[in-house]
């Protein structure tokens, strides 16, 4: 055993569990660490250990594996300093994107036998390798003013929630738990590490992260943790809109979005994060979102906003507060404005319905229409779905005329062109004209009458 490993094992004061123990939630075994990203993390751990350092998988990947979920990414924690990590792997194979906080990115190992086109390392993101640390004061309520490198226990104790304070040793298949995270996973409970007031005082965003984790994992928030959030809730306004928006997107795209919004209310975060919630009937919203097959942020947010008295006004306020992208605002606006057309597709002119179906946001609009549908909308939605399955040339046939055709007919150029072409296009879609010749005749008639 390496000396660093021996010191680390001697200093452990909390339970260390192996998969053979009866209370193991899920077998944290190599079955969760078989993809290229996990193998890259294990390679990094092995290399650091061979250099005499302690190295473990840490945080979310351990939590997810213990819950029986495939981790999305893998973080490594070590007692090697950032400079030592760069020395071990070489400066050309590392990125110092967070060295001041003890974080180094290690690039994937190149496969010299594989061609550039087929090699998988180009698709693997750098693995974050963080030095065990304790944090100094958080004077800005966001990040520590200073960090002090330490050991695994100190690193666990400075983290936010117990379920995120776990380590995993892939060589021994052991979970290292200094903070009671395994018991909280079993109890489906979200609890801060140490004094909740200290954790939320350090970083105000942790309050919203608590809501997000409780929502996405389906956990209850520990009463002492919830009480502390209530006490600090008014201070959420010091957190940037971008950071708040990032957390709320994950709440809104969760299957348990309504429960997440209830957590927001229970923790008194609604007034600063989402005051529009006061106008929303959450039971009705649950009934609507339960119909969704696609839970994109734009779709769920549109359903939420349609429960308010002024959806467009509410969207403008949220977009400004959370710094939503122009693309998100465009999608949500399209759904809010046009979803009634889908439900009425059996009663409206095809020239009204067809432009919605060829819009790039058509699927979003239809999903919102389905979620907000009444029995009278079923026929219209069915028509829209059938139309979306048509070949594109049938759904959107080429127009009979264009601007050059009008010019060739001797019609003076100007604003009249747009009106004439739109009228002809509507007549084509509605089946009132069936040929280019009929379109020319109508164009001449319109030119003379307008």
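The values are calculated or read from the model by the stated rules, or taken from the named source; none is laboratory data. For clarity, every value in this text was computed on a predicted model and none was experimentally measured. Cβ sites come from the backbone with ideal geometry, for glycine too, and all protein chains shown count toward neighbours.
Remarks
- Residue count for the stretch 90-106, restricted to those that are in contact with a helix residue (DSSP H, G or I) (Cβ under 7 Å, 6 or more places away or on another chain) and in a helix (DSSP H, G or I): 1
- Count of residues meeting criterion [more than 15 Å from residue 350 (Cβ to Cβ) and in a helix (DSSP H, G or I)] in the stretch 391-427: 14
- Tally, over the stretch 105-138, of residues that are modelled with pLDDT of 85 or more and within 24 Å of the chain's Cα centre (by Cα): 7
- Test for residue 366: is it over 25 Å from the mean Cα position of the chain (by Cα) and either part of a helix (DSSP H, G or I) or more than 16 Å from residue 428 (Cβ to Cβ) (or both): no
- Inspection of the stretch 231-249 identifies no residue that is in contact with a strand residue (DSSP E or B) (Cβ under 9 Å, 6 or more places away or on another chain), more than 30 Å from residue 295 (Cα to Cα) and assigned to a helix (DSSP H, G or I).
- Enumeration of residues in the stretch 428-445 that are in a loop (DSSP other than H, G, I, E, B) and on the phi < 0 side of the Ramachandran plot: 430, 432, 433, 434, 435
- So residue 378, is it surrounded by fewer than 16 Cβ atoms within 10 Å (Cβ to Cβ), part of a helix (DSSP H, G or I), at pLDDT 95 or above and not assigned by TED's automatic domain parsing to the domain that holds residue 429: yes
- Residue list for the stretch 42-93, filter: without any contact (Cβ under 8 Å) to a residue 24 or more places away in the chain and over 30 Å from residue 216 (Cα atoms): 50, 83, 86, 87, 90, 91, 92, 93
- Meets criteria (over 14 Å from the mean Cα position of the chain (by Cα), buried (at least 20 other Cβ atoms within 10 Å of the Cβ) and farther than 23 Å from residue 204 by Cβ) for residue 239: no
- Enumeration of residues in the stretch 55-73 that are in a loop (DSSP other than H, G, I, E, B) and touching a strand residue (DSSP E or B) at 6+ places or on another chain (Cβ under 6 Å): 59
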